[in-house]
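Here is the structure we will look at.
The values are calculated or read from the model by the stated rules, or taken from the named source; none is laboratory data. Keep in mind that this is a model prediction, so the values were computed, not measured. A quick note on method: Cβ atoms are made from the backbone with ideal geometry, for glycine too, and the neighbour counts reach across all protein chains shown.
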Amino acid sequence: MSTPKDLSQIPADELKQFVDSFDDVFCDCDGVIFILMKVFDGVPDTISTLKSLGKSIRYVTNNSSMLRDDFAKKLQKQGIECEKDDIINPCRAIIDHLKAANFEKKVYMISLPSLRQEFEESGIKIANKYGAELCEVNATSFLQCIQEYDNDVGAVVVCFDFNMTYLNLNRALRYITNPDVKFLATGYDQRIIFSPNQFCMGPAFFHDLLQSASGRTPIWLGKPRDDFVEYIKNQPKCNPERTLFIGDSLEQDMGFAHKLGFTKLLVLTGNTTLEDLKNCDKEMLPDYYISSMAELGKLLKNNF
Ligand SMILES: [Mg+2]
C-alpha cells in the first residue's frame, strides 16, 4: 500500500489519470459537504464541476436524522442538485432489507421520529409510540412493563434517540432474545459530532450493549459494517474499479471504501487530521487527501 498523496500537489498528468479513473462518486456528508446541514462554502461548485466532467454523485451517509426527501431539499436550497434517491443511508438500507424479505410484521424502534416516519411512509408498521417509555420506580412496575409483549413484532431496529430509556432498551432486548425477531442496527458510529467540541454517544454503544445482553449479532446496515458493504455493492451502477469515495473519517469512510475496493479520497474538513494518518491501520489509509471539497473544485476547474 502506498503513502497517501496530496491531490493538490500531484503533477498534471497524474491528476488527469486520477480524474479519468472514476465515473461514479460516493460521498459522505457530515464533515465533507456540510456540518449540521450547513453546506461548506464552495461545495455546490465542486459538485457541479464533477457533474460537468460526467461523474455521477451519490451520498452515502449514516445520518438518518431527517427524511431523505427533506435531506435532499435542504441540499437543493443550498445550491446542490440532489434527489431523494441520491441519498443512501441506514434508514433506506433497512427498509430495502425488510421489503426484500417480504416483511409484514411490526417493528419495535429505538430511533428519532424521522426514521419512524420514513418507515411508515414506506408501509412498514411500527409497534411502539415515539419517545421515552417510563415505569414506576419499583421492580414490580418495571417487570409488568417488560412483560408486555406484542406477538406481531418481527423486527427490532436500533439507532439512537434523545429520549430513549432503560425501559426502551429492555423492551428491545426482550424482542431480540426471540431468535425469530430480526435484530437490525444502523451506522456503527461511536460519536455523533455536532461541532468540534460538541458530541454525544453514537448508536454503536447501544448496538454493542444489546448485542452483549442478547448474545445476538445485529444485521448492521450502516458504515463501516460488512452488511452495508454488501448493500452498497448491490446498488445499481456500482463498479468498484470506477468509483471514488470521498469522506472525512478513517474508519467510517476510508475503511469502508477499502472493503468495497473503491479509490479513496480523504478531505480534512471533518474529524481527521494528517497527523491521524501516521498511526492508522493500513486499510484505513486514503489513496489521496485534500484540504476540502472546495479545494478539489478549484483544482478541477483550473485543470479541466
Ligand atoms: Mg463524515
Among residues belonging to the stretch 9-52 that are touching a Phe, Trp or Tyr at 6+ places or on another chain (Cβ under 9 Å) and among the hydroxyl-bearing types (Ser, Thr, Tyr), point out the one that is surrounded by the fewest Cβ atoms within 10 Å (Cβ to Cβ). Ser52
Here, helices (runs of 4 or more DSSP H) confined to the stretch 23-130 with at least 2 residues that are polar (S, T, N, Q) are 43-52, 113-121
Extreme residue, farthest from Phe245 (Cα to Cα), among residues of the stretch 8-22 that are part of a loop (DSSP other than H, G, I, E, B) and not aliphatic (A, V, I, L, M): Pro11
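Out of the residues in the stretch 1-42 meeting the condition of being β-branched (Val, Ile, Thr) and within 16 Å of the ligand (Cβ to nearest atom), tell me which one is farthest from the chain's Cα centre (by Cα).
That would be Val39.
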Here are some residues: Phe194, Phe162, Phe228. Which one is farther than 30 Å from Ala139 by Cα, among the hydrophobic types (A, V, I, L, M, F, W, C) and exposed (fewer than 14 other Cβ atoms within 10 Å of the Cβ)? Phe194
Looking at this structure, is Phe160 under 15 Å from the mean Cα position of the chain (by Cα) and in a loop (DSSP other than H, G, I, E, B)? yes
Any chance you could count how many residues in the stretch 48-67 are at pLDDT 95 or above and away from the ligand (no atom under 16 Å from the Cβ)? 9
Only one of Cys82, Cys29 that is closer than 19 Å to Asp253 by Cα and in contact with a strand residue (DSSP E or B) (Cβ under 9 Å, 6 or more places away or on another chain): Cys29
Has the stretch 110-132 got any residue that is under 20 Å from the mean Cα position of the chain (by Cα), within 23 Å of Ala204 (Cα to Cα) and hydroxyl-bearing (Ser, Thr, Tyr)? yes
